[in-house]
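Heads up, the thing below is written out as structure tokens.
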Amino acid sequence: MRNLAATLLLALALPGAALAQTTPVQYTVAFPNAVHHEAQVTVVFSDLKPGTLQVRMARSSPGRYALHEFAKNVYAVQATDSKGKALSISRPDPYGWDVSGHDGTVRFTYTLFGDRTDGTYVGIDQIHAHLNMPATLAFAHGQEQRPAEVKFDLPAGWQVATQLKPDPAKGTYYAPHLQYLMDSPTSLGPQKMRTWQEQGKTIELSVVHTGTDAELDAYTDLTKKVVHEAAAVFGELPSYDFGRYTFVANYLPQTSGDGMEHRNSTSVTSSSPLRGLGVLRNLGTVSHEFFHSWNVERIRPKSLEPFDFERANMSEALWFAEGFTQYYGDLIVRRSGAITDEQYFEDVTGIVNAMLNSPGASRYSPVEMSRQAPFVDAAVSIDLNNRGNTYLSYYIIGAGNALALDMLLRQNYKTDLDAYMRAVWQQYGKPQRDYAPERPYTLPDLQRVLGQVSRDTAFAGRFFREHLTGHQLHNYEQLLAPAGLVVRRAKPGQASLGLARLTFADSTIALAANTLIGSPLYQAGLDREDQILKLDGKTPKSQEELTQLLAQHKPGDVVPVVFRSRGQERTAQVTLVESPLVEVVTYEKAGRPVTKQMQKFRAAWLGSKAK
């Protein structure tokens, strides 16, 4: 944000009384046309200095790293002064409006459209409204350090769920400054609230859903256990601002699956109900996002602090902020008892498969994957890319490194990843000032703490150099063996075309994505949108027929392929390979003897840590 760091330092230097007397920026959000996904927003900027007021909509959002251009859903813009006189408005760029001729007050109004309920955008209908604040509220340059008050003009039966501080006397909700306001998602609707105390702090689960109270009560019990286990990793809960943490949850058919972390809350949205498989899907998101209240909200990389709402925010540390959180999100669900060891090992299988079979993971580092976030984090473009061969999500590559580091610390250093996370928390997360970390971290900081926890600075340097700033793959078979786990081929001896996205239509097989480097189809010269007309003289019309054809061969067989590529029919030879998919299974399932030491290792890793 424009000069935001300097503005923040200046504001912190002001006497407390001067800040307290600052007139808040006042917002009103009403829903006269909710059925057509519109809100009416009014913002009043007061005590302004003479000159042009630069009003803007955010281009990016905390927790997201690409540009989303929220101004595109704003229209019918008007501005008046304190006497109701219309003011002159100009558009200096696509993202904002310059208002001139005011008398120290600007009353800025606009219509906002929103029909996507997730953690990034705005979803409004006759049932509810789910507001991500950067997509909802305009702000003004030079007013970033003013407190804000928001009034929601609610339809009958709607309540408010938000981390903003309520002021019942005024009927408003308070934020100390713009950074906090924009980090405060809000759900409006027929809330069902469940509240409990955890270590002297209030935890709120506020849900808009179509299920029963019994389903919500059962889900609340699971959420409580997740909160217990997450707190056990760090030894304590954060000091939540205003004394509470809120799960802002929308589980409705029209919502998009998403989770977005915030300082004292999380926005979790899903079309899955609170029953059946939907429970575990939703609980996994809750676990991941709650872990973020430590990791990334308070343990925060210097590259993201402060967040700039007017550009794409790039960080080299998302492998840690998101990837280590991904690892713990699944692990905490296991420790809570919501899933079995075997179910958890299915998650581990997914991580190991991605690490071993993604060409990007063996070519580019987790640091470089993190820097790709502005291009992949829900970013929109119409040109094609080669990310299948050059990229693996920082969530997955980070989780893969977290798993490896946890195993290494447990096996070689009589400690574990929990101890590492606690040490990072104590040094870089727990100290806070003005709703922000006192000491946002850098990569050398993370390496130094690893050296302290392991008591081996050479190991810490080597791990970062080889696996985080470098791209050397881990030996998961060796790393997981002490836990009594086997990494083995999922389909041993089966011939395959390697990993490829195929579609079946009109008696042809079409390649739906770029072929992967080193795969049989890549080596034979086939690529995206090519159509396989015949394979080994036959024309499989379904995945089942293709599987039957391949079952007649063994890895290493060479078969002819006839394919159409950009209008031309071609012939090539394809060398079949053994299916590259792997699975992680227990020694018990693999028929191997399990030692007491393995059982003890597994229990220490996966067992509950909450008291």
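Out of all the residues in the range 153-174, which are more than 22 Å from residue 309 (Cα to Cα) and surrounded by 22 or more Cβ atoms within 10 Å (Cβ to Cβ)? Hit for the range 153-174 is 161, nothing else. Could you grab me the full set of residues in the range 361-376 that are more than 20 Å from the chain's Cα centre (by Cα) and assigned to a helix (DSSP H, G or I)? The one that is more than 20 Å from the chain's Cα centre (by Cα) and assigned to a helix (DSSP H, G or I): 362. Determine whether residue 268 is touching a Pro at 6+ places or on another chain (Cβ under 8 Å), crowded, with 24+ Cβ neighbours inside 10 Å and either among the aliphatic types (A, V, I, L, M) or assigned to a helix (DSSP H, G or I) (or both). For residue 268, the condition - touching a Pro at 6+ places or on another chain (Cβ under 8 Å), crowded, with 24+ Cβ neighbours inside 10 Å and either among the aliphatic types (A, V, I, L, M) or assigned to a helix (DSSP H, G or I) (or both) - is not met. Cβ separations smaller than 6 Å between residues 6+ apart or across chains give the following pairs from the range 323-343 residues that are touching a residue at least 24 places away in the same chain (Cβ under 8 Å) to residues that are assigned to a helix (DSSP H, G or I) and of a type in the set (Ser, Thr, Tyr): 323/394; 323/395; 326/395; 329/287; 332/287; 333/287; 334/344. Quick check, is residue 289 in contact (Cβ under 8 Å) with a residue 24 or more places away in the chain, part of a loop (DSSP other than H, G, I, E, B), under 23 Å from residue 369 (Cα atoms) and of a type in the set (Asp, Glu)? No. If residue 281 passes every condition in (1) in contact with a helix residue (DSSP H, G or I) (Cβ under 9 Å, 6 or more places away or on another chain); (2) free of Cβ contacts under 8 Å to residues at least 40 places away in the same chain; (3) not polar (S, T, N, Q) but one, which one does it miss? Result: residue 281 fails condition (1) only. The criterion of at least 2 residues that are surrounded by fewer than 17 Cβ atoms within 10 Å (Cβ to Cβ) and outside the structural domain of residue 345 (by TED's automatic domain parsing) is met, among helices (runs of 4 or more DSSP H) falling completely within the range 462-568, by 543-551.
For the range 576-611, the set of residues classified as touching a helix residue (DSSP H, G or I) at 6+ places or on another chain (Cβ under 9 Å), in a strand (DSSP E or B) and charged (D, E, K, R) consists of 583 only. Just one of the listed residues (585, 574) is under 30 Å from residue 418 (Cβ atoms), among the β-branched types (Val, Ile, Thr), at pLDDT 95 or above and not assigned by TED's automatic domain parsing to the domain that holds residue 232, and it is 585.
Assess whether residue 529 counts as being without any contact (Cβ under 8 Å) to a residue 40 or more places away in the chain, more than 30 Å from residue 236 (Cα to Cα) and not aromatic (Phe, Trp, Tyr). When the stated conditions are applied, residue 529 passes them. In the range 297-311, the residues that are farther than 11 Å from residue 424 by Cβ form Cβ pairs under 9 Å with partners that are crowded, with 19+ Cβ neighbours inside 10 Å and among the β-branched types (Val, Ile, Thr), at six or more places apart or across chains, as follows: 304/296.
Note on the range 237-253: residues that are surrounded by 15 or more Cβ atoms within 10 Å (Cβ to Cβ) and in a loop (DSSP other than H, G, I, E, B) total 4.
Within the range 500-523, the set of residues being within 19 Å of residue 547 (Cβ to Cβ) and small (Gly, Ala, Ser) comprises 500, 505, 507, 510, 512, 519. Among the residues of the range 18-74, those identified as in a helix (DSSP H, G or I) and within 30 Å of residue 370 (Cα to Cα) are 70, 71, 72, 73. Residue check: residue 309 meets all listed conditions (1) in a helix (DSSP H, G or I); (2) among the hydrophobic types (A, V, I, L, M, F, W, C); (3) buried (at least 22 other Cβ atoms within 10 Å of the Cβ) but one, namely (1). Residue 229 is checked against (1) under 24 Å from residue 130 (Cα atoms); (2) part of a helix (DSSP H, G or I); (3) acidic (Asp, Glu) and fails just one. What number does that condition carry? Only one criterion is unmet by residue 229, namely (1).
Assess whether residue 174 counts as being assigned to a strand (DSSP E or B) and under 30 Å from residue 97 (Cβ atoms). It is true that residue 174 is assigned to a strand (DSSP E or B) and under 30 Å from residue 97 (Cβ atoms).
The values are calculated or read from the model by the stated rules, or taken from the named source; none is laboratory data. Treat the numbers as computed from the prediction; the structure is a model and nothing was measured. Cβ atoms come from the backbone with ideal geometry, glycine included; neighbour counts cover every protein chain shown.
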